[in-house]
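What follows is a set of notes on a single structure, which appears directly below.
The values are calculated or read from the model by the stated rules, or taken from the named source; none is laboratory data. This one's a predicted model, so the numbers in the text were calculated from it and none came from an experiment. As a convention, Cβ positions derive from the backbone with ideal geometry for all residues, glycine included, and neighbour counts pool all protein chains shown.
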Amino acid sequence: MQQSIPITVQGAKRLQKELIHLKTVDRPAVITAIAEARSHGDLSENAEYDAAREKQGFIEGKISALERTLSNAQIIDPLSLNAEGRAVFGSTIDLEDLNSGNRITYQIVGDLEADVRSNLISVSSPLARALIGKISGDIISVHVPSGVIDYEILNVRYI
């Protein structure tokens, strides 16, 4: 039995959109490319055919992986949780680095959705684990390779 995969509503929508694009745009395009390459004759020395078949394999693998992920997804909507102002999966948290005074906002998401450049942190990351269950005004310490960073939680939102 597959383990459920926690994912936010927005993350599930992104995956569904990608799946639809693969099925309705990329798959038909590669089928057309294969047919075109076949029309050129001898397949044993046809680089276009080999490339199109390789791309088809990649697309089919991606479709299969997305379908598997979505079928095992546990979609969590933070708006439906009674979190009482606490940081939970899916919540967006405004923080202030007490050492530098810099402010930053993160959303706690599933491992598959994590993208630090987009301020989406994995629920299994040290920062997210330190945030879970905390409320505005709490101070947390997070151990990072360069030492310890102290943050104050300025706000917890559910969007």
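Those strands (runs of 3 or more DSSP E) of region 89-138 in which 3 or more residues are of a type in the set (A, V, I, L, M, F, W, C) occupy 103-109. In a loop (DSSP other than H, G, I, E, B), on the phi > 0 side of the Ramachandran plot and surrounded by fewer than 18 Cβ atoms within 10 Å (Cβ to Cβ) - does that describe any residue in region 67-86? Yes; the residues of region 67-86 include at least one that is in a loop (DSSP other than H, G, I, E, B), on the phi > 0 side of the Ramachandran plot and surrounded by fewer than 18 Cβ atoms within 10 Å (Cβ to Cβ). Taken over region 62-73, the residue count meeting the criterion of being touching a residue at least 24 places away in the same chain (Cβ under 8 Å) and either of a type in the set (A, V, I, L, M) or not assigned by TED's automatic domain parsing to the domain that holds Gly11 (or both) is 4. Exactly one residue among Glu45, Glu36 is assigned by TED's automatic domain parsing to the domain that holds Arg14, in a loop (DSSP other than H, G, I, E, B) and out of contact with any Ser or Thr (no Cβ under 7 Å at 6 or more places or on another chain), and that residue is Glu45. Say whether the condition of being modelled with pLDDT of 90 or more, in a helix (DSSP H, G or I), β-branched (Val, Ile, Thr) and within 19 Å of Ser122 (Cβ to Cβ) is met by at least one residue in region 10-30. No; the residues of region 10-30 include none that is modelled with pLDDT of 90 or more, in a helix (DSSP H, G or I), β-branched (Val, Ile, Thr) and within 19 Å of Ser122 (Cβ to Cβ).
Among residues that are surrounded by fewer than 12 Cβ atoms within 10 Å (Cβ to Cβ), at pLDDT 95 or above, not assigned by TED's automatic domain parsing to the domain that holds Glu18 and not acidic (Asp, Glu), Gly137 is included.
Every condition in (1) in contact with a Lys or Arg (Cβ under 6 Å, 6 or more places away or on another chain); (2) under 18 Å from Arg14 (Cβ atoms) holds for Asp115 except the one numbered (1). One residue stands out in region 38-61 among those that are touching a residue at least 12 places away in the same chain (Cβ under 8 Å) and surrounded by 15 or more Cβ atoms within 10 Å (Cβ to Cβ): the one that is farthest from Leu112 (Cα to Cα), namely Tyr49. The residue that is farthest from Ile149 (Cα to Cα), among those in region 105-134 that are in contact with an Asp or Glu (Cβ under 7 Å, 6 or more places away or on another chain) and loosely packed, with under 13 Cβ neighbours inside 10 Å, is Ser124.
Considering only residues in region 25-83 that are of a type in the set (A, V, I, L, M, F, W, C) and touching a strand residue (DSSP E or B) at 6+ places or on another chain (Cβ under 7 Å), the one that is nearest to Ile159 (Cα to Cα) turns out to be Ile76. In this entry, Ala51 is excluded by the filter for residues that are assigned to a loop (DSSP other than H, G, I, E, B), small (Gly, Ala, Ser) and modelled with pLDDT under 95.
In region 142-159, the residues that are in contact (Cβ under 8 Å) with a residue 60 or more places away in the chain reach residues that are of a type in the set (Asp, Glu) and surrounded by 14 or more Cβ atoms within 10 Å (Cβ to Cβ) with C-beta atoms within less than 6 angstrom, at least six apart or across chains, in these pairs: Ile153/Asp138; Leu154/Asp94; Leu154/Glu96; Asn155/Asp94.
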